[in-house]
Amino acid sequence: QAPITSRGCPYQCIYCAAPCLDQHRVRFHSVGRVVEEIAALRRDHAVDYLFFHDSVFTLNRRRTIDLCQEVIERGLVTPFSCQTRVDHLDLELLLQLRSAGCQHILLGIESGSEESLRRMRKQVTLDTVRQAVRQVKEAGIHSTGFFMIGFPWEDREMMLQTADVAQHLGLDAVTLFSVTPLPGSELWSMCPEVPMPGSVDFRDPEVNLTRMPDGEYIALYQQ
């Protein structure tokens with residue numbers, strides 16, 4: 001089961017369409033509503049694992065801690081996964097998440113190149129990434145890192161930097177996506193002449209936004 005406790009994202013990453021959909025607004029369900037939903041899923045549907053589908057599950061730190069404490073106090077601890085940003089984590093928060101049942105966190109890291117992180121407006125540094133991954137591990141929670149290669153400004157060296165960082169962070173798993181512009185995103189407006197696929201599979205290099213020949217880019221992505 002994949003409940004959603006909040007909608008929207010306040011950040012402005014150029015590859016994401018969420019800012020266009022929500023104008024950077026974030027709307028939260030109350031802690032009480034979320035806990036009641038968890039209780040109903042357990043009671044009525046025998047759900048024994050949850051995946052919270054919020055874009056940034058820990059965006060509001062105080063609310064996240066309150067939610068964890070309420071889940072614990074009501075005896076509703078259920079194994080779960082969530083996804084968040086590396087700059088919205090700290091050890092105290094992670095220990096609360098683990099106590100409430102968190103077993104796995106998916107982290108939107110995106111790149112091992114400081115330049116790419118800056119140009120995609122991710123607003124994090126690799127030092128922040130490394131600290132977050134260390135703390136997730138220290139809290140005893142499994143981690144998956146999401147990465148992307150193929151931005152218009154990226155060359156082979158920058159993409160290999162991402163591969164190197166992904167392999168040496170100490171993550172439990174890595175998922176690599178090929179950069180694909182989404183309608184409504186800033187990246188979409190940057191690539192008006194690039195033919196777009198009829199459907200999107202981020203794990204298949206369906207478009208090539210780089211200056212590399214298509215075959216070379218595809219071979220590098222597969223490598």
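Between the helical axis of 156-168 and the longest alpha-carbon principal axis of the chain there is an angle of about 30 degrees. Here's how it looks for THR58: its modeled amide H is under 5 Å from those of ARG85, which are all 5 or more places away or on a different chain. Along the axis of the charge dipole computed for the chain (Cβ charges of +1 for Lys and Arg, -1 for Asp and Glu, origin at the Cα centre), the listed residues MET159, VAL35, PHE52 are led at the positive end by VAL35.
Send over the semi-axes of the range 88-173's equivalent ellipsoid, whole angstrom and largest first, taken as the square roots of 5 times the C-alpha gyration tensor eigenvalues.
Working: eigenvalues 136, 29, 19 Å².
Listed largest to smallest, the semi-axes of the range 88-173 are 26, 12, 10 Å.
Residues whose amide H falls under 5 Å from that of HIS142, counting only those 5 or more places apart or on a different chain, are HIS104, ILE105, with hydrogens built in the peptide plane. Which one of ILE72, PRO19, VAL133 has its Cα pushed farthest toward the positive end of the charge dipole of the chain, where Lys and Arg give +1 and Asp and Glu give -1 at the Cβ? Going by the charge dipole, the pick is ILE72. Looking at the range 1-73, the accessible area is 54 square angstrom per residue; that uses a 1.4 Å probe and ignores ligands, DNA and RNA. Averaged over residues, the count of other Cβ atoms within 10 Å places the peptides 87-96, 165-174, 142-151 in the sequence 142-151, 87-96, 165-174, highest first. By accessible area, using a 1.4 Å probe on protein heavy atoms only, the range 1-134 has 47% of its surface on carbon and sulfur.
Computed over the chain, the per-residue total of -39500 (n - 2.57) for DSSP H runs of n ≥ 4 gives a 222 nm mean residue ellipticity of -11500 deg cm²/dmol, rounded to 500.
The values are calculated or read from the model by the stated rules, or taken from the named source; none is laboratory data. Predicted, not measured: the structure shown is a model, and the values here were computed from it. No Cβ is skipped: glycine too gets one built from the backbone with ideal geometry, and neighbour counts run over all protein chains shown. SASA here: full protein model, heavy atoms, side chains in, ligands and nucleic acids out. Shrake-Rupley method; radii C 1.70, N 1.55, O 1.52, S 1.80 Å.
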